[in-house]
Amino acid sequence: MYGNDFAPDETGLLAEVEQAERALLAAAEAPSGALHFDDLVAAEQKIEPRDWMPDAYRKTLIRQIAQHAHSEIIGMQPEGNWISRAPTLKRKAILLAKVQDEAGHGLYLYAAAETLGVSREELVNLLLEGRQKYSSIFNYPTLTWADIGAIGWLVDGAAIVNQVPLCRCSYGPYARAMIRVCKEESFHQRQGYEILYTLSHGTPEQKAMAQDAVDRWWYPSLAMFGPPDGDSTHSEQSMAWKIKRFSNDDLRQKFVDMCVPQAEILDLRIPDPDLRWNKERGVHDYTQPDYAELMRVIKGDGPCNRQRMEHRRSAHEDGAWVREAAAAYAQKKADAKKKADAKKADAKKKVAA
Ligand code: FAQ
C-alpha cells in the first residue's frame, strides 16, 4: 500500500518532523543566556513561557493555538457521526481510536495555549460564545462512509502539510505539541487513504461513492489553508516571528502537488478540469477554491455551523457534572495530602523536641 506521506529517505513529511524534533532537542541544549526575543528568534532558538515576548506575539499565538485546539474538538463531530455505522468491527475500532486521538490533540493544544497565560476554561468559553474560530472544514457534512476516507486522505493530509512546518514554530510548547500531533496525523491520513483505496478497487457502486466523496471534499480541503496570500491578515507578521514558516498559498500548492500522484494510485479523479503540470513553474496549475464561500463558512454560514455549535454547547452542558466531580475529587485528594503533610511535619517536630 502506498503510504502517501511516507518516504524511506530524508525527503518525506515524516522525515521533516524527525528533523524538527532533533532541532528542538538541540535548541533545548543551547545556552539562551540573556538573548533578547528578536535574537532568539533569529538564532532559531525557541521562545519558552519564561521568556519575555511582545504582547502581539503572545496574542497571535493564543489566537492560532486556540483556533487549532477548537478545530480538533469540533473536528471530532463529522467523523463521530460514522462510529456507530462503520462497515466492520475493525473499521469501527480504528475510527474510534482516531476520533479519540483528535481529543488528545485538542488537549495538547489547550495545554500549550495555557503556557501563554490563558486558561482552558476561558478558551472553551470563547469558542462557545462564538468569539473564537475553528477550521472551516468541519462545517461540511459526512454523507457516506467514503467521506471518512476522504477526510483522512484530504483533510488530515492538508492538516499535515500545514502542521509539519509548525513543528519548527518559534514557540517551544506549540512546536513540541506539533511533533506528536503530526506523527499521529500521518497515521490518520493513511487510514483514510486505505479506506478510499479499498472502495475505489471494490464494486462500481463503491468506487462511485469514493469519487463522490472526493468531489465534495476537494475544494473545502484547499480552503483549509486560509485566504490567498494577498488577503491574509496575519501571514506576514507570523512569518517574521517564525510562527508560520510558509504562506497559505505556498502550502496549498504543496498539498496539490502531493495529492496528484496519490489520486492516480487511488484511481480517483481530482475534480478540477484545469489541473495540469506546469513545466516552467515545476508545480501544478489548479483552480482556486471559492474564497467567498470560505468567508461565509468562517462567518458562521456554512452547511453545518449551527449544528456543530449546538452539539458542542449541549455536550459541554451535559459534561458539567463530570467536571464538577473531577474538581471535587482533586480537591478531596489535595485536602488529604495537606492533612497528611501537616501530620508528618508535626511528628518530625515532636522527634526533634
Ligand atoms: N477556517 O491571516 P490568515 C485539524 C481565519 S486541522 C477558519 O491567513 P492565519 C486536524 C484566520 O483565523 C485544522 N478560519 O490567518 C483534524 C483569520 O481570522 P482572525 C486546524 C480561517 O492564522 C483533522 C482570518 O481567517 N488547523 O484540525 C481559516 O495567519 C481531521 C485571516 O486568515 C489549524 O488550525 C479556516 N480554514 O492563517 C481534526 C492549523 N483560514 O483570527 C479532526 C494552525 C483562515 O484574524 C479531523 N493554524 N482563517 O479572526 C494555522 O496554520 C493558521 O491559523 C491558518 C490561517 C493557516 C489556518
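The values are calculated or read from the model by the stated rules, or taken from the named source; none is laboratory data. Everything numeric here is computed off the predicted structure, so don't read it as measured data. Reconstructed Cβ throughout: ideal geometry from the backbone, glycine too, with neighbour counts over all protein chains shown. Just the protein is used for accessible areas: all its heavy atoms, side chains included, with ligands, DNA and RNA removed. Shrake-Rupley method; radii C 1.70, N 1.55, O 1.52, S 1.80 Å.
Taking the conditions exactly as written (open to solvent by 40 Å² or more (accessible area, probe 1.4 Å) and in contact (Cβ under 8 Å) with a residue 40 or more places away in the chain), does Asp290 satisfy them or not? Criteria met by Asp290. Considered as a group, the residues in the stretch 293-308 that are more than 16 Å from Ile74 (Cα to Cα) and of a type in the set (A, V, I, L, M) include one that is farthest from the ligand (Cβ to nearest atom), and that residue is Met295.
Residue count for the stretch 87-136 under the criterion of being under 14 Å from the mean Cα position of the chain (by Cα) and open to solvent by 60 Å² or more (accessible area, probe 1.4 Å): the result is 3.
Pick from the stretch 182-192 the residues that are out of contact with any Asp or Glu (no Cβ under 7 Å at 6 or more places or on another chain) and under 13 Å from Lys98 (Cβ atoms): which of them is modelled with the lowest pLDDT? Write out each step before concluding.
Taking the stretch 182-192 and keeping what is out of contact with any Asp or Glu (no Cβ under 7 Å at 6 or more places or on another chain), we get 182-183, 187, 190-191.
Next, only the ones that are under 13 Å from Lys98 (Cβ atoms) stay: 187, 190-191.
Details: Phe187: 91, Arg190: 94, Gln191: 94.
Checked the stretch 182-192; the qualifying residue modelled with the lowest pLDDT is Phe187.
Restricting attention to the stretch 9-43, which residues are open to solvent by 60 Å² or more (accessible area, probe 1.4 Å) and either aromatic (Phe, Trp, Tyr) or modelled with pLDDT of 90 or more (or both)? Hits for the stretch 9-43 are Asp38, Asp39, Ala42.
Table: residues versus (1) of a type in the set (D, E, K, R); (2) within 13 Å of the ligand (Cβ to nearest atom).
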position	(1), (2)
Gly12	no, no
Ala27	no, no
Ala42	no, no
Gln45	no, no
Arg58	yes, no
Gln67	no, yes
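Filtering Asp267, Asp215, Asp257 for residues that are away from the ligand (no atom under 16 Å from the Cβ) and touching a Pro at 6+ places or on another chain (Cβ under 6 Å) leaves a single hit, Asp215.
Do you know which of the residues in the stretch 195-210 that are part of a helix (DSSP H, G or I) and surrounded by fewer than 20 Cβ atoms within 10 Å (Cβ to Cβ) is nearest to the ligand (Cβ to nearest atom)?
Restricting to residues being part of a helix (DSSP H, G or I) and surrounded by fewer than 20 Cβ atoms within 10 Å (Cβ to Cβ), the top hit is Thr198.
In the stretch 247-274, the residues that are of a type in the set (Ser, Thr, Tyr) form Cβ pairs under 6 Å with partners that are open to solvent by less than 20 Å² (accessible area, probe 1.4 Å), at six or more places apart or across chains, as follows: Ser247/Ser235. Restricting attention to the stretch 169-185, does a residue exist that is over 23 Å from Ser235 (Cβ atoms), within 12 Å of the ligand (Cβ to nearest atom), touching a residue at least 12 places away in the same chain (Cβ under 8 Å) and surrounded by fewer than 22 Cβ atoms within 10 Å (Cβ to Cβ)? For the stretch 169-185, residues over 23 Å from Ser235 (Cβ atoms), within 12 Å of the ligand (Cβ to nearest atom), touching a residue at least 12 places away in the same chain (Cβ under 8 Å) and surrounded by fewer than 22 Cβ atoms within 10 Å (Cβ to Cβ): present.
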